[in-house]
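Just below is one structure, and these are the notes that go with it.
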Amino acid sequence: MPSYNKLVRDKIPEILDKKGVVYEKRIAGQEEYKAELIKKLSEEAAEFAEKGDVEELADVLEVIESLKTLPEYAQVQEIRLQKREERGGFDKRVILKGEK
């Protein structure tokens with residue numbers, strides 16, 4: 001049986017219950033939740049980079065949406081728009097080549 005200790009989507013325990021899978025469950029505190037979301041973002045981004053499919057991109061977005069609910073990231077949309085105004089987005093597909 002595989003071993004794991006990670007943040008999972010809210011309905012995963014129900015799914016496991018229906019399959020008869022034995023597991024332990026606990027609720028993360030605020031700091032652990034933040035740390036686990038950041039780990040999950042890295043995990044999901046790596047899976048998207050590897051597979052490039054829409055399902056993996058949806059997982060990345062779900063983690064980002066959860067991060068946005070944390071007080072320290074509440075202004076992320078405002079900052080994103082400000083940066084877009086100042087530096088632009090990626091719409092023009094500009095690739096730069098040079099040396100650092």
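For the range 17-53, the set of residues classified as of a type in the set (Phe, Trp, Tyr) and over 24 Å from residue 68 (Cβ atoms) consists of 23 only.
Output the residue which, of all residues in the range 1-41 that are hydroxyl-bearing (Ser, Thr, Tyr) and surrounded by fewer than 10 Cβ atoms within 10 Å (Cβ to Cβ), is nearest to the chain's Cα centre (by Cα).
Restricting attention to the range 1-41, the residues satisfying the condition of being hydroxyl-bearing (Ser, Thr, Tyr) are 3-4, 23, 33.
From what is left, the residues that are surrounded by fewer than 10 Cβ atoms within 10 Å (Cβ to Cβ) are 3-4.
Details: 3: 21, 4: 18 Å.
Once the filter is applied, the top-ranked residue is 4.
We did not get these values from a lab; they are worked out from the coordinates using the rules stated. Since the structure is predicted, the reported quantities are computational estimates derived from the model, not experimental observations. Ideal geometry is used to build each Cβ from the backbone, glycine not excepted, and the neighbour counts take in all protein chains shown.
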